[in-house]
Structures are given as C-alpha cells and as structure tokens.
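The values are calculated or read from the model by the stated rules, or taken from the named source; none is laboratory data. Quantities reported herein were computed from a predicted structural model and do not represent experimental measurements. Positions of Cβ are backbone-derived with ideal geometry, glycine not excepted, and every protein chain shown enters the neighbour counts. Each accessible area value is taken on the protein alone, full model and side chains, heavy atoms only, with ligands, DNA and RNA left out. Shrake-Rupley method; radii C 1.70, N 1.55, O 1.52, S 1.80 Å.
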Amino acid sequence: MAAGIKLSHLDSHMGTLFSTRELFGVYLGLGKHFHLPLLLAKDTRATGVSVQLLPDINPEAVVIDRVLEMTPGVPKEKWFEHYKEMLGPLPPGTYELIVHLAYDNDEIRAATFDHPDWGAQWRENDIDLVKSEEFREFLKEQNFILVTWADLAKAIPASAK
C-alpha cells in the first residue's frame, strides 16, 4: 500500500489462513481494518474454511456462495465443456471462478516447474479459454453478471467502514 498498490480484496491463498483460529482472526481483522472484502464462501469445499471457524466471521463480511475452479485431469480439448458443466447449473448467487492466467513461456515454466497441475500449460489453457469469444458468449447466454472485488467492496455496510 505504501508503494501505491491499491488492494481490491484479501485471499488466504490455498486456505493457509484458515488453518488455525488465530490465523483466521488475523485474516478477518485485516479485512475489517482495511475495509476490504475477503475470499469467504458459504460453501467451504474450495476455500478450506473449517466449519468451526464459521462463527468467527463478522456478520458484515461479504460472503460469496461458492468458489469454483478447473480441477486436474481434464484434457485441454475438454476444458470448455467442463467449464460449461461446472457453471451452467449454478443457481443465482455470487461465485468466484478462480482462473490461473499466464502464457506458457520460460518465466512461468520456471515459476511452476514443480506444479504439473496449475503449471505453465495449465495457465495458458485458462487464459486462452477466458479470452475466447465462445466462453464469453456462454457467460452471456447463461446471464452471468461479471463483478469485480471493487463491486463486492461496495456491499460492505457503511457501519463496518
């Protein structure tokens, strides 16, 4: 922030901050202190929030319905179909679709050399898919409304700010 980076939200990155009540408390406290939405979902499967931690969540927090992402084992030529199967049946709500975006180049291959899943090719598959007209048209047909973390921050009650 001192360097001028505008924060949009906080994320526990792979559930790390959900591993203990103390770390979770820090996560919640930072969100409240900086008036930022947190990656928190009612459906805790993808985020890893322990059911025991749910009572600690401030009632003023912005909590989305579910976090979704591509899972290992789906061949590239089936990605669009898999995304359609994942997103198509969702009821109205607020969802985060995690995509891992990068181009398959020397830099990202070096950064993800030990990640066969979510590695360089995976990330290029994701960027190719979300940039595609076919995917954008699917989202439009399904009546998805794309929102940003800034949009979600507007849902934080004034009393919490």
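Observations on the structure shown:
- Farthest positive-ward along the chain dipole, Cα basis, beta-carbon charges - from Trp79, Gly15, Gly25: Gly25
- Relative contact order for the chain, counting Cα pairs under 8 Å that sit 6 or more residues apart, in percent: 23
- Exposure of Leu101 as accessible area (Å², to 10), given a probe of 1.4 Å and all protein chains: 90
- When Val62, Val99 are compared by accessible surface with a 1.4 Å probe, the order from highest to lowest is Val99, Val62.
- log₁₀ of I(q)/I(0) at q = 0.10, 0.17 Å⁻¹ - the chain, Debye sum with one point per alpha carbon: -0.44, -1.19
- Against the chain, whose longest principal axis is taken from its Cα atoms, helix 21-34 shows a tilt of about 90°.
- Residue of Asp65, Asp151, Asp106 that the Gaussian network model of the chain assigns the largest fluctuation, springs spanning Cα pairs under 10 Å: Asp106
- Anisotropy class of the stretch 77-161 from Cα gyration tensor, a/c 1.5 cut: oblate
- A 1.4 Å probe over all protein chains sorts Met70, Met1, Met14 by accessible area into Met14, Met1, Met70, starting with the largest.
- Nearby lysines by direct alpha-carbon distance to Lys32 (threshold 18 angstrom, same-chain neighbours under 8 apart not counted): Lys6, Lys154, Lys161
- Within the chain: Cβ-based charge dipole about Cα centre, in debye rounded to nearest 20 (Lys, Arg +1; Asp, Glu -1): 680
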